[in-house]
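**Q** Sharing a structure here in structure tokens format.
What follows is calculated from the coordinates using simple rules that are stated; it is not laboratory data. Predicted model, so just to flag it, every value in this text is computed and none were measured. Here Cβ is always computed from backbone atoms with ideal geometry, including for glycine, and neighbour counts include all displayed protein chains.
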Amino acid sequence: MPYNDYRQDLMGEATLAPLGQFEIGTYQSFKLIYTAGKFGIDDQGGLRIGFRGHFDGSAIQFSDPTAAGYTTVEASNGAVLEVSWEARRNIRPWNKSLYIRCLRFLREGDQIVINFGDQSKGSPGWLLQTFCESAFTFQITVDPFATQDFIALPSAANPTIAMVPGDPAHWKAVLPTLRRPGETFRLSIKGDDRWGNPSNRFAGKIKLKTNLPVTGLAEIIDLKAGDFGAVIEGLLVESPGVLHLAVLDEHDQLIATANPLVIRQADAAHFWSDMHAQSGETIGVGTAREYFDFARNKAFLDIAGHQGNDFQITDAFWQHLNELTAEYNEDNRFLTLPGYEWSGNTGLGGDHNVWFRDEGRPIYRSSRALISDRTFPENDVLSTPDLIEKLQNEDAIVVAHVGGRYADIKYAHDAKLEPSVEVHSSWGTFEWILRDAFECGYRVGIVGSSDGHKGRPGAEYPGDSQFGSYGGLTCHLLPQLNRDTFFDAFRKRRHYATTGARIYMDVAARLGDQTLQIGDIVSTELEHLNLAFDIIGTAPIERVDIFNGLDLVRTIRPWHDQAALSRLRVTCAGQHYRGRGRLVKWDVSAHLTGGKIDRINAINFWNPNRQPTQISATEAVWKTVTTGGASSVDFWLDDAALASQINVQTNFESISASVADIDENGITVDCGGMDIRLHIERLPAILESTSLSGEQSFRLAAETEQRLYVRVTQEDGHQAWSSPIYVAKA
């Protein structure tokens, strides 16, 4: 059991003021009064107020009355109290906790009064978290007997408030990426607040403009306060082409541009998924029902799974999840998959996501660390070899995942069950897991998901905590949207991954008179193959990299060789190691010895409160974090600056170089860790091309398998990876 449940009704009670709804990311002050129950609290006993581990508001502190999070704690009987704010001392999901230790006993009816963000002392208040939550809970446990065995108040006795969004700051318009002529589709529009939460605080009209005729599309949409956006169903385009759509406000100012929608004849259309995140019943927030509702109606996904940690899923919750996936699953509208995250320790194989084609299947757990259920002990599987054995007779698919416990696919792998690996999530970007697969000779596809813990599957911003990336997505190539076609296509690796942008990718190979799709595995006697790609981005394309397994074969940049490289990009990237503590904190300054920085721009700086600052005509400073991916700052330079020297200093290594000596390939300094690096390169002032097509010829060698895939990098930092095509010469 996570908590002792001895006589919870005698553990006391708590009240909180004020109650109600509070805007995320604002300063507030709360008074919580705990009244001791029948046993009181003995000398050296205490109280613990728990908050979810991904709470990313200001830390509780007791030393600076003028700073955020200043908190006072007093006992009504004058007892001396010892207080501390702990980040990982409580049982998950209540990892963050205010600990109160009583150095003199309390009787029944005595009170402990806690003022969070005590504004009477000069504090601005307690800064709330950056994500919405319908029932933000002050989880109270009591140690009345001074045994260090904390007993929870009944769930209903824990005070709760609601965290709600702010005003819209960024508008999003979402289309499919591939449909056939005359095939219906939908347009979805929303306004996110500055932290990425869909907002319902806009009232007014927005205008739509397209480059192609769209049957069923109105020119004006009237949004009312309380609406979380608009979804327009039943649209269609009759003729082939690429649909571009712009959203304008009432003053004809552009507020959003939809991702491109390609209309062409094809065997399969595109459907987008986030198959991997969690709700508040495990380590996330919100309920599982709210989770699926967000995925469908606020992230505008086509496909969603719910991957709670198995050691935290009770039998009752597993049944509830199966009921929800059956309820929400609707062919050709919204596909849901019953599943969970097998969360074994890395030494036993690490995290793997499991999805079943049908509801009602057993959950094979890696442990029962946080549940008391002891039914079906024969379904306990303590390692990935055991999991593979159990799933041999199940209609299931498995994907290796990099989270707190990274998947060690070299420890165990089964080609039938595990078609793909996850290279990107909110935890970061992990191309090393693909390299692990190639080193072992595995044939895998590539997926992206969020593993979001903030109740936003499909649109997961990292917030202000240890997550360093925007959540990923996977695009599935399916003839139609149902579980049968999904499972068939997934096992054939008919999908590509992105870091969250809905980039259009078409990657294929021409082998004689045969066309190979992503995910194909073929053997041939032919000696030549042409790999072709067609990319349409959601932002200008910076580069396209073509890989053959572990080798980078070619980099293609969509600008002329003679383009003036008047932009300088400074990039921080990498991770300390593969595990939970991979996050790298950077402290950077960049200084030019002459000329002028005209302007700067941040790439993959997801925290609006932590943006780079230009502090003079020649200098900028910033702090950032990386977790396997990259974070960059662009500098647009005048002519004098292009003839100067750039000095970049970090808390790791530094670079000093003549700007004229830096080209598009750049200069890189190894900063240690697993792949921590500092990189400087030059780019044209303006990148205009959002589309790029090309080919690459390969000569096939005997007894050597070609493992061909494409990676796209956009100017805004978003990336996409095609699943490889595997070709061996017989």
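**Q** Nearest 500 deg cm²/dmol is fine: what mean residue ellipticity at 222 nm does the chain get from its DSSP H runs of n ≥ 4 alone, each adding -39,500 (n - 2.57), divided by its residue count? Mind showing how you got there, number by number?
**A** Values: 6 runs with 53 residues, N = 730.
Computed mean residue ellipticity for the chain: -2000 deg cm²/dmol.
**Q** Right, something else. By how many degrees, 0 to 90 and rounded to 10, does the Cα axis of helix 288-297 deviate from the longest principal axis of the chain?
**A** For helix 288-297, the angle is close to 30 degrees.
**Q** On full extension of the chain, what length is gained from residue 297 through residue 585, given 0.36 nm per residue of separation minus the C-alpha to C-alpha distance?
**A** Taking residue 297 through residue 585 to full extension adds about 100.2 nm, to one decimal.
**Q** Straight-line reach from residue 190: which aspartates and glutamates fall under 13 Å, measuring Cα to Cα and dropping same-chain residues less than 8 apart?
**A** Partners found: 167, 222, 227, 249.
**Q** Something else: At 7 Å along the Cα-to-beta-carbon direction for both residue 74 and residue 658, put a label point, then send me their distance in nm to one decimal.
**A** 6.9 nm
**Q** Can you compute the charge dipole magnitude of the stretch 24-164 about its Cα centre, using +1 on each Lys and Arg Cβ and -1 on each Asp and Glu Cβ, nothing else charged? Give it in debye, rounded to the nearest 20. Could the numbers behind the result be given before it?
**A** Details: 12 positive and 13 negative charges, 42 e Å.
It works out to roughly 200 debye.
**Q** Enter the angle in degrees (range 0 to 90, nearest 10) between the Cα long axis of helix 315-328 and the first principal axis of the Cα atoms of the chain, meaning the one along which they spread out most.
**A** 40 degrees
**Q** Would you kindly state how much longer the chain becomes between residue 31 and residue 623 on full extension, computed as 0.36 nm times their sequence separation minus their alpha carbon distance, in nm to one decimal?
**A** On the way: separation 592, 0.36 × 592 = 213.12 nm, distance 3.42 nm.
Contour length minus the Cα-Cα distance gives 209.7 nm.
**Q** Hey, which lysines would be in cross-link range of residue 729, C-alpha to C-alpha under 22 Å, not counting anything within fewer than 8 residues on its own chain?
**A** 492
**Q** For residue 382 and residue 647, compute 0.36 nm times the residue count separating them, minus their Cα-Cα distance, and round to one decimal in nm.
**A** Details: separation 265, 0.36 × 265 = 95.40 nm, distance 5.15 nm.
Length gained between residue 382 and residue 647: 90.3 nm.
**Q** Radius of gyration and Dmax for the stretch 567-683's Cα atoms, expressed in Å?
**A** Taking only Cα atoms of the stretch 567-683, I get Rg and Dmax of 13.7, 45 Å.
**Q** Additional query: Tell me the net charge near residue 316. Cut-off is 13 Å between Cβ atoms, residue 316 excluded, with +1 for each Lys or Arg and -1 for each Asp or Glu. Walk me through the intermediate numbers first.
**A** Values: positive: none; negative: 281, 315, 323, 373.
Result for the local shell: -4.
**Q** Still on this model: For the stretch 309-356, what percent of Cα pairs sit more than 16 Å apart?
**A** Numbers: 536 of 1128 pairs.
I get 48 percent for the Cα pairs in the stretch 309-356 exceeding 16 Å.
**Q** Further question: For the stretch 170-263, state the semi-axes of the equivalent ellipsoid (square roots of 5 times the eigenvalues of the alpha-carbon gyration tensor), sorted largest first and rounded to whole angstrom.
**A** Working: eigenvalues 112, 33, 28 Å².
Equivalent-ellipsoid dimensions as semi-axes: 24, 13, 12 Å.
**Q** Let me ask you something else. According to the square roots a ≥ b ≥ c of the eigenvalues of the Cα gyration tensor, what is the shape class of the stretch 8-164, taking rounded for a/c under 1.5, prolate for a/b larger than b/c otherwise, and oblate for the remainder?
**A** On the way: a/c = 1.72, a/b = 1.40, b/c = 1.23.
Since a/c reaches 1.5 and a/b is larger than b/c, the shape of the stretch 8-164 is classed as prolate.
**Q** While we're here: Would you be so kind as to identify which of 321, 372, 467 lies farthest towards the positive end of the dipole of the stretch 269-500, taking Lys and Arg as +1 and Asp and Glu as -1 on Cβ and the Cα centre as origin?
**A** 467
**Q** Follow-up. Among the lysines, which fall within straight-line cross-link reach of residue 31, defined as a Cα-Cα distance under 25 Å, with same-chain neighbours fewer than 8 residues apart omitted?
**A** In chain and number order, the partners are 96, 121.
**Q** FRET efficiency for residue 289 and residue 21, Cβ-Cβ distance as r, R0 = 25 Å, nearest 0.05? Walk me through the numbers before you get to the answer.
**A** Details: r = 20 Å, r/R0 = 0.78.
After rounding, the FRET efficiency stands at 0.80.
**Q** For the chain, give me the percentage of DSSP beta bridges that are antiparallel, rounded to the nearest 5 percent. Don't skip to the end; give the middle numbers.
**A** Numbers: 173 of 199 bridges.
About 85 percent, rounded to the nearest 5.
**Q** Here is a further query. Per residue Cα convex hull volume for the chain, in cubic angstrom?
**A** Details: hull volume 123.5 nm³, N = 730.
Each residue corresponds to 169 Å³ of Cα convex hull volume.
**Q** Do the alpha carbons of any pairs in 298/454; 224/298; 454/623; 172/207 sit beyond 21 Å of each other, and which pairs?
**A** Working: 298/454 14 Å; 224/298 16 Å; 454/623 23 Å; 172/207 13 Å.
Too far apart for the 21 Å limit: 454/623.
**Q** In a shell of Cβ-Cβ distance under 13 Å around residue 681, excluding residue 681 itself, what net charge do Lys and Arg (+1) and Asp and Glu (-1) give? Please list the in-between numbers first.
**A** Details: positive: 543, 557, 567, 569, 677, 682; negative: 542, 634, 661, 663, 664, 715.
Taking every other residue near residue 681 into account, the sum is 0.
**Q** Additional query: Considering only the other residues whose Cβ falls under 13 Å of the Cβ of residue 404, what net charge follows from Lys and Arg at +1 and Asp and Glu at -1?
**A** Numbers: positive: 88, 92, 405, 578, 580, 582; negative: 341, 351, 451.
Residues near residue 404 contribute +3 overall.
**Q** Still on this structure, please answer the following. For the chain, what is the charge dipole size about the Cα centre, in debye to the nearest 20, if Lys and Arg each add +1 at the Cβ and Asp and Glu each add -1 at the Cβ? Before the final figure, lay out the partial values.
**A** Values: 68 positive and 93 negative charges, 121 e Å.
Roughly 580 debye, rounded to the nearest 20.
**Q** In addition: At a 10 angstrom cut-off on C-beta neighbours, averaged per residue, how do the peptides 641-649, 623-631, 609-617 rank from highest to lowest?
**A** Values: 641-649: 18.7, 623-631: 23.2, 609-617: 13.9.
Highest mean packing first, the order is 623-631, 641-649, 609-617.
**Q** Quick one: grab the alpha carbon gyration tensor of the stretch 421-566, order the square roots of its eigenvalues as a ≥ b ≥ c, and give me rounded if a/c is under 1.5, else prolate or oblate depending on whether a/b is larger than b/c. Intermediate results must be reported in sequence, preceding the final value.
**A** Values: a/c = 1.70, a/b = 1.18, b/c = 1.44.
Oblate.
**Q** Give me the tail of P(r) for the stretch 17-106 as a percent: Cα-Cα pairs with distance above 17 Å.
**A** Everything past 17 Å amounts to 57 percent.
**Q** Quote the convex hull volume per residue of the stretch 269-500, based on C-alpha atoms, as a whole number of Å³.
**A** Details: hull volume 24.5 nm³, N = 232.
Spread over its residues, the Cα hull of the stretch 269-500 gives 106 Å³ apiece.
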